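This report refers to the structure that appears directly beneath it.
The values are calculated or read from the model by the stated rules, or taken from the named source; none is laboratory data. All figures in this text were calculated on a predicted structure; none of them were measured in a lab. Note: ideal-geometry Cβ built from the backbone for every residue, glycine included; neighbour counts use all protein chains shown. These accessible areas exclude ligands, DNA and RNA; they are computed on the full protein's heavy atoms, side chains included. Shrake-Rupley method; radii C 1.70, N 1.55, O 1.52, S 1.80 Å.
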Amino acid sequence: MADDFSFSIEQSLGTVAEGKGGWSMELNLVSWGGRPAKYDLRSWSPDHEKMGKGITLTKEELVALKDLLNKVEL
């Protein structure tokens, strides 16, 4: 039996970058397969029908990433 690949963007938090063809790297709260929404960073087509590879993080993981990035000297 195939896994449920449904998704729902519950909240759009912002765009990180604009790419070619109208695709954009976005941070969203996304529910995958009807499960509770997680923070999701990936590229999306303009109509949000197609997506690129990305990462999905729990709130705790996002907080840890934020803390780590705050320590990085740019």
statement: Taking a probe of 1.4 Å and leaving out DNA, RNA and ligands, the chain shows per residue an accessible area in Å² of 78
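Return the FRET efficiency for the residue pair K20, L69: r is the Cβ-Cβ distance, R0 is 35 Å, and the value is rounded to the nearest 0.05. Mind dumping the intermediate values first?
Values: r = 26 Å, r/R0 = 0.74.
Given R0 = 35 Å and the Cβ-Cβ separation, E is 0.85.
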query: HN-Hα J couplings of the stretch 64-74 from phi, Karplus 6.51/-1.76/1.60, θ = phi - 60°, integer Hz, Gly and Pro as x?
result: 5, 5, 4, 4, 5, 5, 5, 8, 6, 8, 10
- request: Quick one: pull the percent of accessible area on the chain belonging to carbon and sulfur, 1.4 Å probe, ligands and nucleic acids left out.
  value: 57
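Students often check this: by mean Cβ neighbours within 10 Å, which of 66-73, 49-56, 20-27 ranks highest, and how do the rest follow?
Details: 66-73: 7.2, 49-56: 11.4, 20-27: 14.0.
Ranking the peptides 66-73, 49-56, 20-27 by packing returns 20-27, 49-56, 66-73.
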statement: For the stretch 44-55, in residue order, the Karplus 3J(HN,Hα) values (coefficients 6.51, -1.76, 1.60; θ = phi - 60°; whole Hz; Gly and Pro = x) are 10, 5, x, 8, 6, 8, 10, 9, x, 5, x, 10
task: Using a 1.4 Å probe and ignoring any ligands, DNA or RNA, find the accessible area of R35 and quote it in Å² to the nearest 10.
output: 150
query: Once phi is turned into θ = phi - 60°, what whole-Hz ³J(HN,Hα) does the Karplus curve with 6.51, -1.76 and 1.60 give for every residue of the stretch 22-38, x standing for Gly and Pro?
result: x, 5, 9, 7, 10, 9, 9, 9, 10, 9, 9, x, x, 7, x, 5, 10
